[in-house]
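Enquirer: Before we start, here is the structure in question, set down as structure tokens.
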Amino acid sequence: MLVSSQAQVTGRYEEQCARVRLRCPRCFGSIGYLSDENAMPFDCLTCKTRLACEQGIWKALLPERLARYARFMQDYESIRASEGRGSTNADYYLALPYRDLSGLLSSQWTLRARTFRYIEHRILPRIATLTHNRLRVLDLGAGNCWMSYRLASEGHAPVAVDLLANDQDGLGAATHYKQQLISLFPRFQAELDNLPFADAQFDLVIFNSSFHYSENYEKTLAEALRCVRGNGTVLIADTPWYSDEVSGRRMLEERRASFIKRYGFPSDELKSLEYLTDQRLHELEKWFGIRWQMHEPYYGIRWQMRPLLAKLRHRRKPSRFRIYAAKAMK
């Protein structure tokens with residue numbers, strides 16, 4: 001029986017999507033392929049570093065880097081728990097981002113939902129036409145993996161990455177999606193600046209409300225561009241943008257004061273850059289030879305009125321959320 005060339009190409013691509021090429025997080029050498037059936041540890045033959053899977057999560061954060069992030073992770077988890085994030089009920093996760101069944105953070109999830117709808121309807125179709133509609137996507141800052149779940153439900157092949165692995169707000173929460181998927185997508189505990197993946201194998205890399213946690217935008221973006229295929233796309237979504245540095249710095253001062261008052265600590269253990277400006281984006285363009293394409297989802301009239309209201313009330317300029325897309329130049 002003859003198989004059409006289109007079917008052969010599609011079949012090869014689906015096989016490639018199921019096999020993620022890994023690299024050692026210490027010496028960067030190749031350590032093998034990850035497939036759905038494989039949960040055995042990977043041992044680097046060069047430096048003896050082990051990449052092990054614990055409760056379905058691949059631990060790619062080196063011990064010394066885990067120690068480096070420990071205080072940040074502790075503070076972050078404490079703040080997120082106090083905000084009421086997470087649930088023991090699978091329905092809570094399955095409803096995201098379109099409904100917040102807890103009712104505690106509905107306004108935030110409304111913004112996330114509108115961002116995702118824009119990506120889903122305006123950006124993904126353009127990329128998918130180049131790869132026979134199925135995309136291998138790297139979800140950076142996946143959190144509870146809601147975006148990876150949505151992408152997997154649409155037939156794409158996501159890989160979720162986050163620092164947090166807990167069952168409420170981290171990678172462990174993805175177990176709530178198991179009954180809805182044929183197989184659960186791979187999950188990796190890793191840092192944005194040292195991803196355990198070989199070069200040039202993702203069609204799309206999405207910074208999922210995570211780029212602003214970077215301490216060095218050049219280093220973080222370089223790692224994303226390394227992982228994306230030639231002519232692939234990197235997206236920065238739900239990272240605050242300010243029209244000037246002064247407004248961004250004032251936001252940070254206000255937030256530190258608020259955190260100290262509410263939680264007893266400023267939550268600034270990680271020296272994150274926290275926001276974007278046109279100047280910062282332009283510097284990244286020059287550094288990498290890329291060109292940002294800006295997208296502005298509609299977040300509602302109240303969101304549009306924020307700059308005017310801030311001006312009338314003599315407050316600092318508020319943040320805005322945009323989506324920035326760049327093609328890999330390879």
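Enquirer: What angle do you read, to the nearest 10 degrees and between 0 and 90, between the alpha-carbon axis of helix 217-227 and the longest principal axis of the chain?
Expert: 20
Enquirer: Taking GluC sites (Glu not before Pro) that fall in a DSSP loop and have at most 15 other Cβ atoms within 10 Å as cut points, what is the longest piece of the chain between them?
Expert: 216-330
Enquirer: For the chain, what does -39500 (n - 2.57) per DSSP helix run (n ≥ 4), summed and divided by total residues, give at 222 nm, in deg cm²/dmol to the nearest 500?
Expert: -11000 deg cm²/dmol
Enquirer: Just tell me which aspartates and glutamates come within less than 18 Å, Cα to Cα, of Lys219; anything on the same chain fewer than 8 places away is out.
Expert: Those aspartates and glutamates meeting the cut-off are Asp139, Asp162, Glu191, Asp193, Asp199, Glu274, Glu283, Glu285.
Enquirer: Here's another thing I want to ask about it. Hey, what's the chain come to in accessible area per residue, 1.4 Å probe, Å²?
Expert: About 50 Å² of surface per residue is accessible.
Enquirer: Another question, then. Pick from Asn89, Asn231, Asn144: which residue has the top mean-square fluctuation in a GNM of the chain where Cα pairs under 10 Å get a spring?
Expert: With Cα springs under 10 Å in the chain, the top fluctuation among Asn89, Asn231, Asn144 is at Asn89.
Enquirer: Here are some pairs, Lys59/Lys286; Lys261/Lys311; Lys261/Lys317; Lys271/Lys327; Lys271/Lys317; Lys286/Lys311; which of them have Cα atoms lying more than 30 Å apart in this structure?
Expert: Lys59/Lys286; Lys286/Lys311, as the Cα separations exceed 30 Å there.
Enquirer: Let me ask something else about it. Kirkwood hydrodynamic radius for the chain: how many Å is it when counted over pairs of different Cα atoms?
Expert: Computed over the chain, the radius equals 20.9 Å.
Enquirer: Out of the total accessible area of the chain (probe 1.4 Å, heavy atoms of protein only), what percent is carbon and sulfur?
Expert: 51
Enquirer: Compute, for the stretch 181-234, the length of the dipole vector about the Cα centre, with Cβ point charges of +1 (Lys, Arg) and -1 (Asp, Glu) only. Units Debye, rounded to 20.
Expert: Roughly 180 debye for the stretch 181-234.
Enquirer: Which shape class, rounded, prolate or oblate, goes with the stretch 104-214 when its Cα gyration tensor gives a ≥ b ≥ c as root eigenvalues, a/c under 1.5 marks rounded, and past that a/b bigger than b/c marks prolate?
Expert: Verdict is rounded for the stretch 104-214.
The values are calculated or read from the model by the stated rules, or taken from the named source; none is laboratory data. Since this is a predicted model, take the numbers as computed values, not measurements. Because the Cβ atoms are built from the backbone with ideal geometry, glycine has one as well, and the counts that use them run over all protein chains shown. Accessible surface areas use protein heavy atoms only, side chains included; no ligands, DNA or RNA. Shrake-Rupley method; radii C 1.70, N 1.55, O 1.52, S 1.80 Å.
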